């Protein structure tokens, strides 16, 4: 389900944005960098968290999130730079094998956001 464009983006420098909504529907966006992502064999995307406290609170009420990845170094539809919009669900873990895998890569992570994508669309 994840596309070649997605995998090209996360191989290069770029930004990751995670959009969630609170119980009243107010949007919140948290950011990190492509280089920190881990994609599991079953295509879950692991995102390290040190902050992300509002996102975690929002996900406890509504697990649906949208994630955008992008890189200016990847050829897009009309020149350099491209990105993908992913929709799916999120959960947080502070222990277990997925957290351990993330902690090995990002020692500063206090939790891991486990994102299960349902769609992946190139946006630019």
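The values are calculated or read from the model by the stated rules, or taken from the named source; none is laboratory data. These numbers were taken from a predicted model, which means no experiment stands behind them. Cβ atoms come from the backbone with ideal geometry, glycine included; neighbour counts cover every protein chain shown.
Each residue in segment 29-49 was checked for being exposed (fewer than 15 other Cβ atoms within 10 Å of the Cβ) and either in a strand (DSSP E or B) or in contact with a strand residue (DSSP E or B) (Cβ under 8 Å, 6 or more places away or on another chain) (or both), and 5 pass. Evaluate segment 57-67: report whether one residue or more is more than 9 Å from the chain's Cα centre (by Cα), under 20 Å from residue 1 (Cβ atoms) and touching a residue at least 60 places away in the same chain (Cβ under 8 Å). No, that holds for no residue. The residue that is farthest from residue 3 (Cα to Cα), among those in segment 76-94 that are in contact (Cβ under 8 Å) with a residue 40 or more places away in the chain and assigned to a strand (DSSP E or B), is 92.
The single condition among (1) part of a loop (DSSP other than H, G, I, E, B); (2) within 17 Å of residue 17 (Cβ to Cβ); (3) modelled with pLDDT of 95 or more that residue 109 does not meet is (2).
Here residue 54 meets the list (1) part of a strand (DSSP E or B); (2) surrounded by 14 or more Cβ atoms within 10 Å (Cβ to Cβ); (3) touching a strand residue (DSSP E or B) at 6+ places or on another chain (Cβ under 6 Å) almost entirely, failing just condition (1). Applying the criterion of being in a strand (DSSP E or B) and surrounded by 15 or more Cβ atoms within 10 Å (Cβ to Cβ) to the residues of segment 5-27, the residue that is modelled with the lowest pLDDT is 15. Taking residue 116, is it touching a residue at least 40 places away in the same chain (Cβ under 8 Å), within 18 Å of residue 21 (Cα to Cα) and either in contact with a strand residue (DSSP E or B) (Cβ under 6 Å, 6 or more places away or on another chain) or assigned to a helix (DSSP H, G or I) (or both)? Yes, satisfied. Scanning segment 57-75 for residues that are crowded, with 18+ Cβ neighbours inside 10 Å and not in a strand (DSSP E or B) returns 58, 59.
Out of 41, 8, 100, one residue alone is closer than 21 Å to residue 119 by Cβ and without any contact (Cβ under 8 Å) to a residue 12 or more places away in the chain. It is 41.
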